[in-house]
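One structure is given below, encoded as structure tokens.
The values are calculated or read from the model by the stated rules, or taken from the named source; none is laboratory data. The model shown is predicted, which means the values in this text are computed figures rather than measured ones. Reconstructed Cβ throughout: ideal geometry from the backbone, glycine too, with neighbour counts over all protein chains shown. Areas reflect the complete protein model, heavy atoms only, side chains present, ligands, DNA and RNA absent. Shrake-Rupley method; radii C 1.70, N 1.55, O 1.52, S 1.80 Å.
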Amino acid sequence: MTQNTQKIALVTGASRGIGAAIAERLARDGFTVVINYSGSVAPAEALAQKIQQQGGRAMTAQADISNADAVRGLFDAAEAAFGGVDVLVNNAGIMKLSPIADTQDEDFDQQIAVNLKGTFNTLREASRRLRDGGRIINFSSSVVGLLLPGYGVYAATKAAVEAMTAILTRELRGRGITVNAVAPGPTATSLFLDGKSSEQIDRLARMAPLERLGEPEDIAASVAFLAGPDGAWINGQTLRANGGIV
Ligand code: NDP
């Protein structure tokens with residue numbers, strides 16, 4: 001609890017799902033957390049209150065990460081409240097599944113805007129403003145390896161995130177900042193569960209040798225490792241946290 005107490009962690013998309021579990025876990029590990037969200041104000045505020053009641057430090061900050069000005073404002077708000085940012089967790093993301101032949105322009109554009117441009121916006125800001133010795137944890141997906149039909153555009157945005165992860169590692173040489181990505185497999189959040197039948201969910205859950213869905217806390221544990229002292233020597237890697245599915 002004591003080792004990270006001076007560190008500030010900004011988690012994008014932390015109102016729900018994996019991001020909320022990450023914010024809660026990092027707060028428990030002693031980080032001060034900035035809970036970013038785009039629309040879900042009530043759950044974001046409830047999470048901040050929960051963390052504060054448990055003795056942690058947290059604030060909420062609304063920003064649509066696909067908007068570069070909003071992302072600048074997000075870092076401004078974190079710096080104004082806490083003096084700086086040490087850890088960026090680029091968790092916010094959306095998924096729209098369809099075969100490439102049937103994909104609507106709007107779904108393509110939205111996934112590029114949030115998953116790719118949004119991650120770029122926060123990476124650019126973090127490259128300029130993260131304190132030396134910091135950590136950046138991006139979000140890919142195991143579907144980059146699984147290559148399931150219907151995931152073409154979504155997987156393409158995540159493959160691009162993996163490429164930026166590896167290149168930013170090199171660009172930040174000399175500042176003691178690590179850049180890695182976590183690539184979850186099927187994880188029990190609304191992003192994964194919504195729109196699927198229970199048969200589809202069961203089939204996907206059984207694909208991993210560990211024969212269950214990931215829980216948000218499983219992914220939060222991987223992020224906590226990369227953000228904390230034990231992850232210090234991991235740099236430029238994509239960690240597939242998925243129960244062995246690929
Ligand atoms: P959820 O849909 O459960 O939560 C998404 C979060 O992102 C919400 O807090 C949402 O906030 C936020 N968000 C969405 N769009 C924006 C935006 N434009 N700006 C800021 N915040 C935004 O998703 P998961 O928790 O499942 O996913 C988290 C990450 O993990 C994503 O990057 C996803 O691609 C990745 N992933 C998930 C897998 C899974 O099976 N669940 C598997 C592999 C990867 P709000 O409600 O306020 O919009």
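Listing for the model above:
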read-out: Subset tally (residues that are open to solvent by less than 60 Å² (accessible area, probe 1.4 Å) and polar (S, T, N, Q)) for segment 44-74; value: 2
read-out: Residue, surrounded by the fewest Cβ atoms within 10 Å (Cβ to Cβ), within segment 141-150, restricted to residues that are small (G, A, S) and on the phi < 0 side of the Ramachandran plot; value: G145
read-out: Residue check, V179 more than 14 Å from the ligand (Cβ to nearest atom) and buried (at least 24 other Cβ atoms within 10 Å of the Cβ); value: yes
read-out: Tally of residues being part of a helix (DSSP H, G or I) and away from the ligand (no atom under 15 Å from the Cβ) across segment 52-79; value: 4
read-out: Any chance A220 is surrounded by 13 or more Cβ atoms within 10 Å (Cβ to Cβ), at pLDDT 95 or above and not β-branched (V, I, T); value: yes
read-out: Restricting segment 4-43 to residues that are within 7 Å of the ligand (Cβ to nearest atom) and more than 17 Å from E217 (Cα to Cα), the residue that is surrounded by the fewest Cβ atoms within 10 Å (Cβ to Cβ); value: G39
read-out: Hits in segment 91-135 - residues which are outside any helix (DSSP H, G or I) and among the β-branched types (V, I, T); value: I94, T103
read-out: Subset of segment 208-246 (residues that are in contact (Cβ under 8 Å) with a residue 24 or more places away in the chain, part of a helix (DSSP H, G or I) and more than 12 Å from the ligand (Cβ to nearest atom)); value: A221, A224, L226, A227, P229, G231
read-out: Per-region count, segment 92-140, residues within 13 Å of the ligand (Cβ to nearest atom) and open to solvent by less than 70 Å² (accessible area, probe 1.4 Å); value: 19
